[in-house]
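Accompanying notes for the structure given below.
The values are calculated or read from the model by the stated rules, or taken from the named source; none is laboratory data. Fair warning: this is a prediction, and the values are worked out from it, not measured in the lab. Cβ sites come from the backbone with ideal geometry, for glycine too, and all protein chains shown count toward neighbours. Quick note on the areas: whole protein, heavy atoms, side chains included, nothing else; ligands and nucleic acids left out. Shrake-Rupley method; radii C 1.70, N 1.55, O 1.52, S 1.80 Å.
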Amino acid sequence: KTSMENSIPASGHSYARGLAARHLTQAGRLRESWSGVHQLQLIKEVAAKKEEELGSFAEKLEKLRSYLLNKATLSACVVTEKRFFPETKSAMKPFLNSLPANNIILSEEESIQASDEIEGWSANVPVSYVAHIYRTIPYANEDSPKLQVLAKLLRSCYLHREIREKGGAYGGYATFSASEGFFSFLSYRDPHLERTLDVYKNSISWVLKGEFSEDDLKEAILGVFSDIDTPLSPAGKGNREFVASLRGLTSDIRQKRRRDLFNVERQSIIDVAERYLSSDKFHHAIAVISGSEKLQNVSGDLNMKTFKI
């Protein structure tokens, strides 16, 4: 509990992102409940219980164990030299065979209805973490690489200047998660709140007006490739390929994306900004983590729902 509470100042932008994303997709809601503010609230609730009150919670954990440690649904990844494959397989077999094979059918939760929400969460912090998330399109859509370049362009050529250099925040970001289909604006340890939301809007206008150069675009594309081609350890490479295989992202699909990223053009950047970020066709949500007094001062103007972490 203490560890999670202490992580709010260090990772407030990530928590705010999760709070906004939970209104947009079922996957976003699940991720937030597993590792976000609602997970912290659950941990605080459990930590406050007396020992004799923990029986029902222990039963739930036991039920979860039967779901997770299940040979019928388990996939494993081992990274080693090829010459060690036979003995590694021999070592893994007894462990895998020792697990129960439970044919459990999990009941599917009702899918959420995406909604445009504005909410503030008060915490014991002197600054703000401001997240504005747009639900856009999936990995395979032809516009997905363009949104990835757009995020890098906005971050390096507009948001850093306006939010960090002028606004005094520790950081201002735009990110695009192709696997989730989320385009995110984020600020980190930000002395402002309403101003930052205005900067997000103004950054979209900046793109629509074409106020960036060809060199800016080239630098953004190179920045995306720098992220993609970050050196990894052998274990990191193996894990990357394992996750890609689980998601059905073959090497051909990923290579096509690289070609599409390389061929992103100026007008296509303007087009996707207009299509996904400047119309009401796609849902978006705002979540802010800040001090209670600051949230009270702006909640009326923003029509913001407020909660306490």
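Details
- Note on the range 48-82: residues that are within 27 Å of the chain's Cα centre (by Cα) and either hydroxyl-bearing (Ser, Thr, Tyr) or loosely packed, with under 12 Cβ neighbours inside 10 Å (or both) total 9.
- Test: residue in the range 191-207 that is closer than 20 Å to GLY12 by Cβ, open to solvent by 20 Å² or more (accessible area, probe 1.4 Å) and touching a helix residue (DSSP H, G or I) at 6+ places or on another chain (Cβ under 6 Å): yes
Residue-by-condition table, conditions (1) in contact with a strand residue (DSSP E or B) (Cβ under 8 Å, 6 or more places away or on another chain); (2) free of Cβ contacts under 8 Å to residues at least 12 places away in the same chain; (3) under 25 Å from GLY181 (Cβ atoms):
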| site | (1), (2), (3) |
| --- | --- |
| GLU211 | no, yes, no |
| LEU222 | no, yes, yes |
| ASP229 | no, yes, yes |
| LEU246 | no, no, yes |
| SER251 | no, yes, yes |
| ARG257 | no, no, yes |
| ILE269 | no, no, yes |
| ILE286 | yes, no, yes |
| ASP301 | no, no, no |
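- Residue that is surrounded by the fewest Cβ atoms within 10 Å (Cβ to Cβ) [pool: residues in the range 1-23 that are under 12 Å from the mean Cα position of the chain (by Cα) and among the hydrophobic types (A, V, I, L, M, F, W, C)]: ALA21
- Residue within the range 65-75 that is within 30 Å of PRO234 (Cα to Cα) and in contact (Cβ under 8 Å) with a residue 60 or more places away in the chain present: yes
- Odd one out for ALA10 among (1) out of contact with any Leu (no Cβ under 8 Å at 6 or more places or on another chain); (2) touching a residue at least 40 places away in the same chain (Cβ under 8 Å); (3) of a type outside the set (Ser, Thr, Tyr): (2)
- Against the conditions (1) in contact with a strand residue (DSSP E or B) (Cβ under 7 Å, 6 or more places away or on another chain); (2) open to solvent by less than 80 Å² (accessible area, probe 1.4 Å), ASP116 satisfies every one except (2).
- Some residue of the range 278-286 being in a helix (DSSP H, G or I) and open to solvent by 20 Å² or more (accessible area, probe 1.4 Å): no
- All of (1) more than 30 Å from SER268 (Cα to Cα); (2) hydrophobic (A, V, I, L, M, F, W, C); (3) open to solvent by less than 90 Å² (accessible area, probe 1.4 Å); (4) at pLDDT below 95 hold for PHE95 with one exception: (3).
- The range 119-138, subset assigned to a strand (DSSP E or B) and of a type in the set (Gly, Ala, Ser), residue surrounded by the fewest Cβ atoms within 10 Å (Cβ to Cβ): SER122
- For the range 173-194, the criterion of being in a loop (DSSP other than H, G, I, E, B) and on the phi > 0 side of the Ramachandran plot is satisfied by at least one residue.
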